[in-house]
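Q: One structure coming up, written as structure tokens, with questions to follow.
Please treat every number below as a calculation from the coordinates, not as lab data. Values in this document were obtained by computation on a predicted structure and should not be read as measured data. So basically every Cβ, Gly included, is an ideal-geometry build from the backbone, and we count neighbours across all protein chains shown.
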Amino acid sequence: MDSRMPMRRFRKRLLRAEPNFRTLSKLWQVSWLYILLICTLAGIGYIALYSAGGGSARPFAGPQAARFGFGLILTLTVAMLPPKFLVRLAWPLYLVSLALLVVVLQMGHVGKGAERWVMIGGTQVQPSEYAKVALVLMLATWFSRIPYSKMGNPLRLIIPALMVLVPVGLVLKEPNLGTAVIIGGIGASLFFAAGMRLWQIVLLLLPVPFLLKIAYAHLHDYQRARITTFLHPESDPLGAGYNIIQSKIALGSGGMWGQGYLHGTQGQLNFLPEKQTDFIFTTIAEEWGYAGGTLVIGLLLLLILGGMVMAIRSRNRFGRLLALGISVNFFLYCLVNLSMVMGAIPVGGVPLPLVSYGGSALINVMLGFGLLMSVWVHRNSRFGEEDEEEA
Amino acid sequence: MKFRGRKKREKLNRLLPAREQKDPGKGVFTRRALLLMAVQTAALGELSRRLYDLQVNSGDHFARLADKNRTSKRLLAPPRGLIADRFGTILAANKTNWRALLLSEETTDVEGSVERFSQLVPLDEHDRSRIAREIRHKRKFIPVVLREFLSWDDMARIELNSPSLPGVLIDVGTTRSYPFGELLAHTIGYVAPPNEQDVAKSALFALPGMRIGRAGIEQSQDAMLRGQAGSVEMEVNSVGRVMKELDRQDGTPGDELALTLDVGLQQTIQNRIGDLAASSVVMDCRNGEVLAMCSTPSFDPSLFDSGVSRSQWIEWTSDQRTPLIDKTVSGVYPPGSTFKPAVAMAALNAGVISPADRFFCPGHFDLGGARFHCWAKHGHGSVDLHLALKYSCDVYFYEVAMKVGMDRLAASAHDLGLGTELGIELPHQRLGLIPTPEWRRKHKHHWNGGDTVVSGIGQGFVQVTPLQLATYTSRIATGRKVEPHLVRAVNGDIGAQVDPQHWPELGMDDRYLRAVREGMFAVVNESHGTAPKARLTIPGVEMAGKTGSAQVRRVSRALRESGHFNSATLPWEFRPHALFICFAPYDSPRYAVSVVIEHGNAGADAAAPLARDIMTDTLLRDPVNHKSAPGQTVADAE
């Protein structure tokens, strides 16, 4: 009962001007090692953006550092929120994210041939980024109320399936294939982790090849062009294949130890497209070589696995699913972006989390880390167990 | 199956710790989460391996591509070689060309800048449309030429108003200049911007300011004059903007050519010719150096660099006197009587006559049903070679031509340099023609005896150029196969010249050559010769020569018999050409001169005095024996 009205109590304490020892001790509970890891990656991002700006904090590195500072505060604030409070936020946040996705379709700003941005309070916001976090929270909340033993009932899975398919459909309509795939992937991994039965999985996977065929037929021309150029990038070196070829050239010219900081010719001479956003990893790998590239991949992997460990260590179903969803989201970000810059999958507008320039993605990722930290801080909470006992 | 599975699970569940039993999804979650972690690790591991492939294994390949990406090599136009005459006087040079450029990226108001510029320096419609087109098509940092060949006044106005002309800058380039302009236009030629076919052949021609020789020496020696392009290697960014210079290699300037011409002599001859449609070649008959080549009227060669206006072009091409054609090598004329020494040489060489053999000239020659007239209506009586040349008796040469036959005549004429290609370094040489029965057959016609007869006096199909006439005179004078040439030295010693011994013997008997020379001496110096007007006034120096008047239209029998035939009353384009060839001094030949005056009527009256004056000028100036340009000549002093 005491954690049901945290805000009222917080106000009371504030009025009494007493130090909030509870909050302070909670802050101590935060995994500072994990925060240090996040800051290290953001620092690498700052260094790379400084180079992408032609050896200057303007126009990328400075603003991004400020955003990160804000994001870090957001992370630590969210980390203090108890699970019961988060659960109550799930529906409103989810519905707002859906509303934003509809708004962006209606009146969104067209960027690179797709409507992805919407103006809120003078800043550009990419609703599909928020939709991912909102979906993770929503699914974690929903599944935490379905005990494992009831997961075998297919009827129980219809509503969460719709929760995934609605944003996927809206994002596809923008159209943003990369994000749609990530949202789908998050949903699938949560279904999987929540205890979906194996026979259900097999049953679901059977029609996939046919669906893919139909989907390809409905792809936009530019999406199909990406797939074609991905298969044969040299067929159109100055057109759609340009990004992939130039990115590969940049990576290759980095070699083992790189061309040296601020000396990456591809990036400094603007041959690299989107070098501060989608292709920031290429800039790093060109200037710092394979050594720098693997270091970044290693750090990203540590963040992902750390999040997964936090999920396993959580003692309540909600926390487990929430932490796993956040980690999988982060992983899919990395996977899609890295595969894209290495030419392993068709190019799509997915940034490298924490490192790329861009507000929406960073705030979304930091919000996710906040939720992850909240799970970690409240890992021993017995939240949600009563539901299990009811069953 | 399902039942057994559940039972098994329940059995396992009992083995788990108490907490796990309370939270049955926990075990499944942990297993599945670990599986996902394994997948994540494997996926990022695979990406890392792929990165290794890209960066380390095929790194060299991509590093090369990156280098190709970032560097751009640009060629630098080499300065074109200078052309000088035999005494070092510059005939073709490079002049600085001030031009106004517009750099679009330096201004926000391109149209405004162009408009204000046109108020200072007028631009015509043609310029405006070209500028607008170039601004649209070129990248913003590549300058567009607004106007070339700015005067000092233009530049002063532009500089003064530079604050209101953002983006306009003044740049210096070079353009070809010809200090003597029209005087040497044909021989030196001119340059013009390369056309698309040239650009396709060599990247060098794509450079701004690059010019290609289009006529004369500029064309034939273009490869030498052009030089080697330099190059500058630059680092460029993805849109081609230059970031910094990596390496620069200056090109080799074009070779400097010293010609055999004497521009002072050329000027003197030009003054003599005036505005006749005429040509004259002066050669050193011992070594083949061409000292002067005049072809009038002429044109201003510098106009081709900046572009010839339409009206100017029409004026040139519609002029009957063909100012654009170099008459010395591209003008072909029937040689008329100047061909007679060649006919004589052929016959003597073939052994069909001896110099003393006499033929009777009754004033005409009959072959079959046709009658061929001598220019002297009542004939010359009995003439030998000496008299035949002196009187220029037609009948004698009709007879001789019939005796020697066309094939031997043509072979001999070719040896003497007529109707054949010469070694001179000029383009657009025409070969002329010494007709043979075989040539006639090739054109599906039958060769008539009459064709041989008229060829004997250099009429009919026979055609030669003035340069061939001068060469032929030199060969008769020296007995060697002298080749005319114009280039004396490349990048160096002006003094070097071809040794006369360098040229092979003609293989003609010296006695016969002497006989022909004596005949030519008589033409000028003996009483009743055809060209008494050509006698030199310089004491102790004598000249040998031969007149020629070449009909351009058949004279009909009716006209001839009417007795009123006077070619001077014909329309200009139907009058005969006047020709004269000569060499001097007679006792040790040094100079050979040929003169052709188009439609000048009689060689003896029009060409011979002109040739005498030219020879006098040449002998007095004597360029061959001077190391530097001699001062004023008689003609200048007059």
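Q: Of the listed peptides A:281-291, A:312-322, what is their order by residue-averaged count of other C-beta atoms within 10 Å, with the highest listed first?
A: With the highest mean Cβ count within 10 Å placed first, the list reads A:281-291, A:312-322.
Q: I would also like to ask the following. Give me a single rounded figure for B:581-591: the average over its residues of other chain Cβ atoms within 10 Å of their Cβ.
A: That works out to 0 on average.
Q: A further question on this structure: I need the phi-derived Karplus couplings for the range A:275-287: 6.51 cos²θ - 1.76 cosθ + 1.60, θ = phi - 60°, integer Hz, Gly and Pro marked x.
A: Listing the rounded values in order: 5, 8, 10, 4, 9, 4, 4, 4, 4, 4, 5, 6, 7 Hz.
Q: What shape does chain B have by the C-alpha gyration tensor, where a ≥ b ≥ c are the square roots of the eigenvalues, rounded means a/c under 1.5, and otherwise prolate means a/b greater than b/c and oblate the rest?
A: Verdict is prolate for chain B.
Q: Once you average over the residues of A:318-330, how many Cβ atoms of partner chains fall within 10 Å of each Cβ?
A: 2
Q: Enter the mean number of other protein chain beta carbons within 10 Å of the beta carbon of each residue in A:254-261, as an integer.
A: The shielding value for this peptide is 3.
Q: Considering lysine pairs in the range B:73-259 that are 8 or more places apart or on different chains, how many have Cα atoms under 24 Å apart?
A: 7
Q: Express the relative contact order of the range A:33-384 as a whole percentage, based on alpha carbon pairs under 8 Å and six or more residues apart in sequence.
A: Taking the mean separation of contacting Cα pairs over the length of the range A:33-384, I get 26 percent.
Q: Fewest to most neighbouring Cβ within 10 Å: what's the order for A:CYS39, B:CYS582?
A: By the 10 Å Cβ count, ascending, the order reads A:CYS39, B:CYS582.
Q: Right, another one. Quick one: which residues, 5+ away or cross-chain, put their amide H under 5 Å from the amide H of B:HIS364? H built at 1.01 Å from N.
A: Correct list: B:CYS374.
Q: List, in the order given, every pair from A:LYS132/B:LYS26; A:LYS84/A:LYS275; B:LYS481/B:LYS533; B:LYS403/B:LYS546; B:LYS444/B:LYS546 whose Cα-Cα distance in the structure shown is over 32 Å.
A: Checking Cα-Cα distances, A:LYS84/A:LYS275; B:LYS444/B:LYS546 exceed 32 Å.
Q: Among A:SER247, B:SER330, which comes first, second and so on when ranked by fewest other beta-carbon atoms within 10 Å?
A: Least crowded to most crowded, the residues run B:SER330, A:SER247.
Q: Helix B:110-120 versus the longest principal axis of chain B: what angle, 0 to 90°, nearest 10, using Cα atoms?
A: Its long axis makes an angle of about 30 degrees.
Q: Before anything else, pin down the relative contact order of the range B:258-337: Cα pairs under 8 Å, at least 6 apart, normalised by residue count, whole percent.
A: Computed value for the range B:258-337: 27 percent relative contact order.
Q: At what distance in angstrom do the alpha carbon centres of the range B:45-61 and the range B:580-626 lie from each other?
A: Their Cα centres are 84 Å away from one another.
Q: How tilted is helix B:406-415 with respect to the longest principal axis of chain B? Cα atoms for both, answer in degrees (0 to 90, nearest 10).
A: Computed tilt is about 60 degrees.
Q: Using Cα pairs under 8 angstrom and six or more residues apart, how large is the relative contact order of chain B, in percent?
A: Computed over chain B, the figure is 13 percent.
Q: Could you state the angle between the C-alpha long axis of helix B:125-137 and the longest principal axis of the C-alpha atoms of chain B, as a value from 0 to 90 degrees rounded to the nearest 10?
A: The angle comes out near 30 degrees.
Q: I need the shape label for the range B:373-498. Rule: rounded when a/c is under 1.5, else prolate if a/b > b/c, else oblate, with a, b, c from the alpha carbon gyration tensor.
A: It is oblate, given that a/c is not under 1.5 and a/b is not larger than b/c.
Q: For a quick check: with amide H placed at 1.01 Å from N, whose amide H comes under 5 Å from B:LEU91's, ignoring anything fewer than 5 positions away on the same chain?
A: Hits under the 5 Å cutoff: B:ILE83, B:ALA84, B:ASP85.
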